[in-house]
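Down below is the structure, laid out as structure tokens.
We did not get these values from a lab; they are worked out from the coordinates using the rules stated. This one's a predicted model, so the numbers in the text were calculated from it and none came from an experiment. Every residue, glycine as well, gets a Cβ built from its backbone with ideal geometry; the counts of neighbours run over all protein chains shown.
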Amino acid sequence: REQRVGDAGEQRRYHELIRREAERLRGLVEDVLDMARLERGEPLTWQRTPVATRTLLESLETAARERVIAAGGALDVTTSALPESVSVDAEAVRRALLNLVENALLHSGSSELELDVAGDDAGGLVLRLRDHGRGVPAEARERIFEPFARLEHADAAPGTGLGLAIVREVALAHGGSARVRAPTSGPGAVFELHLGAGEPSA
């Protein structure tokens, strides 16, 4: 007998699952292509344009929350001292944040995440994503932003090892930085993506 997807609600969930997976795979392909360009010595060309900070954050929160909920987790978002607008490549920042989220979901052992977004003193933004998982050893906190770097542990999840390298490239393209540190209390790790206010220096 012919098999059919059930009611309209089930069909919507099925189509949403396909869309999310397609977007995830697209991000992986884009990461691989970008790293290939960097290895050939070709600069990555991201276009920074002024955007209302609240509009940007709404887009980022929607994308991040959708991914976390799909993994059965929860995302808590806080903001403070936001500038009215920022000059960014919105799609590049979205990719960077989703790479951080994906990294946390795959490798931290925690699906309870906290995203804090704050303005800096110069009009830029700092995005901090905290998990409550196994953390990152101090000696590996710089290395994990290198291409293909992976931390080895008993239940290590598969991955390309490119996500955090792309996060750092996005940060540098925005005159900023990317780093990971231990939280002030409790288990886990805090990944910080700093986006500078002005154009990056040559």
Notebook entry, point to check: So if we plug the beta-carbon distance of residue 45 and residue 11 into 1/(1 + (r/R0)^6) with R0 = 35 Å, what FRET efficiency do we get, rounded to 0.05?
Noted result: 0.35
Check: Taking amide H positions as placed 1.01 Å from N in the peptide plane, with prolines and chain starts having none, which residues 5 or more places from residue 124, or on another chain, fall under 5 Å of its amide H?
Finding: 197
Item checked: Rounded to whole Hz, the Karplus (6.51, -1.76, 1.60) HN-Hα couplings of region 75-81, x for glycine and proline -> 10, 10, 10, 10, 9, 7, 6
Checklist line | Alpha-carbon radius of gyration plus Dmax, which is the widest Cα pair, for region 88-134 in Å | finding: 12.0, 35
Check: residue 89: net charge of surrounding residues, Cβ under 11 Å, Lys/Arg +1, Asp/Glu -1, itself excluded?
Finding: +2
